[in-house]
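The values are calculated or read from the model by the stated rules, or taken from the named source; none is laboratory data. These numbers come from a predicted model, not from an experiment. For neighbour counting, all protein chains shown are included, and Cβ atoms are generated from backbone atoms with ideal geometry for every residue, glycine included. Note: accessible area is taken over every heavy atom of the protein model, side chains too, but ligands, DNA and RNA are not part of it. Shrake-Rupley method; radii C 1.70, N 1.55, O 1.52, S 1.80 Å.
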Amino acid sequence: MTAILRCRDDAYGITIHETVEELSSPKAVALGAVYATLDRLEDKGLVSSWLSDPTPERGGRSKRHYRLEPDGQRALRESVIAARRICDAVEDVWGAAIWSGKWKPARQK
Amino acid sequence: MIARFVRLLVPPAEREHVLGDLAERYESPARYLADALKVLPFVVASRMRRTVNPGLSAFLAFFLWFGVFWGPQQRHWLVAAIPTLVGVMTLALRDAYRTLVPRWPHAAAGDVIAAAAAVLILQGVCALVAPGWMLTSESLRVGFPLGLVILFFVRWQSPSGIHQPLAFSRTMTMCELRGEINVFEGYVRRAIRIELGAVIFVVGCFTAALIAMPPSAPTLLKWAIALSICGALFVGAFLFRHARVRPISRTADFAATIALYRQELERRIRISKAYFWWYILPLSIGPMLLIGGRLERVAPLARIALAVGAFALIASLLVFAMRPMIKKTQTRLEQLASVSERL
């Protein structure tokens with residue numbers, strides 16, 4: 001959903017996949033997994049989709065565009081708030097060092 | 001040629017955008033094929049998740065194992081379980097690869113032919129490699145063709161493989177609303193017609209069987225057939241009297257049409273929720289006696305327990321299979337509460 005939000009009016013399979021890979025770097029994400037997730041989000045009513053006009057660079061095929069629905073926007077906001085709480089909790093214990101490359105796991109006693 | 005091969009493998013409903021995305025990523029034929037093969041399992045699995053009704057599939061699996069391949073009469077339960085799995089998987093794939101506007105009698109016939117072909121190929125392989133895993137010739141000669149006829153009616157009556165994401169439009173034109181109502185009414189009419197046809201078929205066949213039965217036939221069998229006839233007649237009468245479509249007046253304005261449509265949807269939900277009482281129970285008593293009668297080698301108490309257990313299993317599967325439809329109708333009912341007219 002973050003990727004759809006970020007792609008704005010150009011959210012379709014390829015751009016969403018590229019954004020998801022960028023956000024989840026260094027982990028790779030399969031394009032097929034993006035399709036499956038988009039289908040599930042659509043079934044839950046969090047996003048909606050429509051087919052655009054066919055374009056020659058896609059072999060005369062249409063793009064399936066996605067947009068966030070109000071329920072999706074609410075769910076994304078809740079996830080962001082939850083993620084921030086998790087970040088704050090971890091930062092409380094480990095300090096701001098977790099955001100730098102110098103962070104190392106604590107040794108077991 | 002690679003593109004044509006990939007096109008065949010992608011389910012029709014996903015074809016347009018998936019093939020477009022693959023074309024956009026095209027660098028070389030090998031990369032295209034690798035991309036397609038990586039994407040395909042996700043696309044097919046997602047399509048199957050959307051189109052397969054788990055309750056109905058479990059019911060079909062039970063029906064194929066018990067009623068078509070006669071599982072209890074095979075040497076081992078797995079002998080019937082493997083063709084059952086092949087049959088159910090074939091039907092699930094048929095759902096996933098359903099065309100966008102299927103013609104239901106043709107689609108149902110295609111489903112049955114595909115499932116039968118898959119099972120026959122499996123039997124052919126078994127005959128060559130492991131003859132011990134073949135179904136008995138009696139189940140292939142009698143149960144298989146009869147079961148396929150019933151399977152055709154089940155697939156025709158309960159079309160699966162259609163998936164429509166929830167509609168979100170808060171405004172509709174009168175024309176769009178009428179179009180939706182026409183589709184809904186047509187769907188219900190078609191379902192009731194098929195069900196009434198099946199009632200006439202069952203009553204006719206079972207009455208003929210009862211008349212042709214020799215006097216020495218087991219009393220339990222006669223009762224089972226008589227109760228099946230009564231059950232089918234009850235279902236037919238219920239459908240005719242209570243479940244027929246009440247057409248919505250074409251002269252009503254937008255607000256009145258929405259109100260009448262919502263009333264009809266509410267009535268449909270009530271009928272679907274009472275499905276166990278007016279459909280499953282009346283239709284199950286006769287077959288339950290038949291199942292009990294067929295288990296001759298089992299002690300009487302265990303026989304009753306098995307028949308009741310089989311009934312409970314089938315009933316819960318059918319009720320479970322009905323849930324997605326009720327949920328979908330409920331969602332539409334709630335959405336319609338906030339729809340306004342777009343001029």
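Among the residues of the range B:292-322, the ones that are surrounded by 15 or more Cβ atoms within 10 Å (Cβ to Cβ) and either without any contact (Cβ under 8 Å) to a residue 60 or more places away in the chain or among the basic types (K, R) (or both) come to 8 in all. Does any residue of the range A:7-16 turn out to be within 14 Å of another protein chain (Cβ to nearest Cβ), surrounded by fewer than 17 Cβ atoms within 10 Å (Cβ to Cβ) and charged (D, E, K, R)? Yes - at least one qualifying residue is present in the range A:7-16. Of the residues making up the range B:110-131, those that are farther than 18 Å from B:V79 by Cβ and open to solvent by 40 Å² or more (accessible area, probe 1.4 Å) are B:I113, B:A117.
Looking at the range B:207-214, is at least one residue part of a loop (DSSP other than H, G, I, E, B), modelled with pLDDT of 85 or more and open to solvent by 40 Å² or more (accessible area, probe 1.4 Å)? Taking every residue of the range B:207-214 in turn, at least one turns out to be part of a loop (DSSP other than H, G, I, E, B), modelled with pLDDT of 85 or more and open to solvent by 40 Å² or more (accessible area, probe 1.4 Å). Taking the range B:7-34 as the range and being more than 29 Å from the chain's Cα centre (by Cα) and more than 7 Å from chain A (Cβ to nearest Cβ) as the test, the residues that pass are B:L22, B:Y26, B:E27, B:S28, B:P29, B:A30, B:R31, B:Y32, B:L33, B:A34.
Here B:R4 fulfils each of the conditions (1) within 14 Å of chain A (Cβ to nearest Cβ); (2) open to solvent by less than 40 Å² (accessible area, probe 1.4 Å); (3) modelled with pLDDT under 85 apart from (2). Close contacts from the range B:192-212, counting a first residue that is free of Cβ contacts under 8 Å to residues at least 40 places away in the same chain and a second that is of a type in the set (K, R) and open to solvent by 40 Å² or more (accessible area, probe 1.4 Å), with Cβ to Cβ under 8 Å and a gap of 6+ residues or different chains, come to B:L210/B:K222. Of all the criteria given as (1) in a helix (DSSP H, G or I); (2) within 14 Å of chain A (Cβ to nearest Cβ), the one not satisfied by B:A58 is (2).
For every residue, the table says whether it meets (1) assigned to a helix (DSSP H, G or I); (2) over 21 Å from the mean Cα position of the chain (by Cα); (3) at pLDDT 85 or above; (4) under 23 Å from B:G179 (Cβ atoms).
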| site | (1), (2), (3), (4) |
| --- | --- |
| B:V245 | no, yes, yes, yes |
| B:A252 | no, yes, yes, yes |
| B:E264 | yes, yes, yes, yes |
| B:R268 | yes, no, yes, yes |
| B:G286 | yes, yes, yes, no |
| B:L290 | yes, yes, no, no |
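I'd like to know if the range B:64-73 contains one or more residues that are of a type outside the set (S, T, Y), surrounded by fewer than 20 Cβ atoms within 10 Å (Cβ to Cβ) and either without any contact (Cβ under 8 Å) to a residue 60 or more places away in the chain or within 13 Å of chain A (Cβ to nearest Cβ) (or both). So far as the range B:64-73 goes, no, none of its residues is of a type outside the set (S, T, Y), surrounded by fewer than 20 Cβ atoms within 10 Å (Cβ to Cβ) and either without any contact (Cβ under 8 Å) to a residue 60 or more places away in the chain or within 13 Å of chain A (Cβ to nearest Cβ) (or both).
Each row is one residue, and each column tells you yes or no for (1) modelled with pLDDT under 85; (2) part of a helix (DSSP H, G or I); (3) within 29 Å of B:A307 (Cβ to Cβ).
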residue: B:A34; (1), (2), (3): no, yes, no
residue: B:V39; (1), (2), (3): no, yes, no
residue: B:V44; (1), (2), (3): no, yes, no
residue: B:F66; (1), (2), (3): yes, yes, yes
residue: B:R75; (1), (2), (3): yes, no, yes
residue: B:V86; (1), (2), (3): no, yes, yes
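Residues that are within 22 Å of B:V199 (Cα to Cα) and either in contact with a Leu (Cβ under 9 Å, 6 or more places away or on another chain) or open to solvent by less than 40 Å² (accessible area, probe 1.4 Å) (or both) are absent from the range B:248-267.
Being of a type in the set (S, T, N, Q) and under 24 Å from B:Y279 (Cα atoms) is the filter here; which residues of the range B:208-265 pass it? Hits for the range B:208-265 are B:S228, B:Q263.
Checking the range B:252-260 against the condition returns no match, with no residue being free of Cβ contacts under 8 Å to residues at least 40 places away in the same chain and polar (S, T, N, Q).
Pairing each residue of the range B:110-137 that is within 24 Å of B:F152 (Cα to Cα) with any residue that is buried (at least 17 other Cβ atoms within 10 Å of the Cβ) and among the small types (G, A, S), provided the two are 6+ apart or on different chains, yields C-beta distances under 6 Å for B:A115/B:G87; B:V119/B:G87. Restricting B:A34, B:A81, B:A92, B:A96 to residues that are surrounded by fewer than 19 Cβ atoms within 10 Å (Cβ to Cβ) and within 27 Å of B:F144 (Cα to Cα) narrows the list to B:A81. Checking each residue in the range B:334-343 for being assigned to a helix (DSSP H, G or I) and either among the β-branched types (V, I, T) or crowded, with 17+ Cβ neighbours inside 10 Å (or both) picks out only B:L336. Being under 30 Å from B:V6 (Cβ atoms), crowded, with 18+ Cβ neighbours inside 10 Å and either under 16 Å from the mean Cα position of the chain (by Cα) or among the polar types (S, T, N, Q) (or both) is not true of B:V43. A single member of A:E57, A:E22 is part of a helix (DSSP H, G or I), open to solvent by 40 Å² or more (accessible area, probe 1.4 Å) and within 22 Å of B:A36 (Cβ to Cβ), and it is A:E57. Among the residues of the range A:85-98, is there at least one that is without any contact (Cβ under 8 Å) to a residue 12 or more places away in the chain and under 15 Å from the mean Cα position of the chain (by Cα)? Scanning the range A:85-98 turns up no residue that is without any contact (Cβ under 8 Å) to a residue 12 or more places away in the chain and under 15 Å from the mean Cα position of the chain (by Cα).
Considering the range A:34-86, and only residues there that are among the β-branched types (V, I, T) and over 20 Å from B:S46 (Cα atoms), the residue that is nearest to the other protein chains (Cβ to nearest Cβ) turns out to be A:T55.
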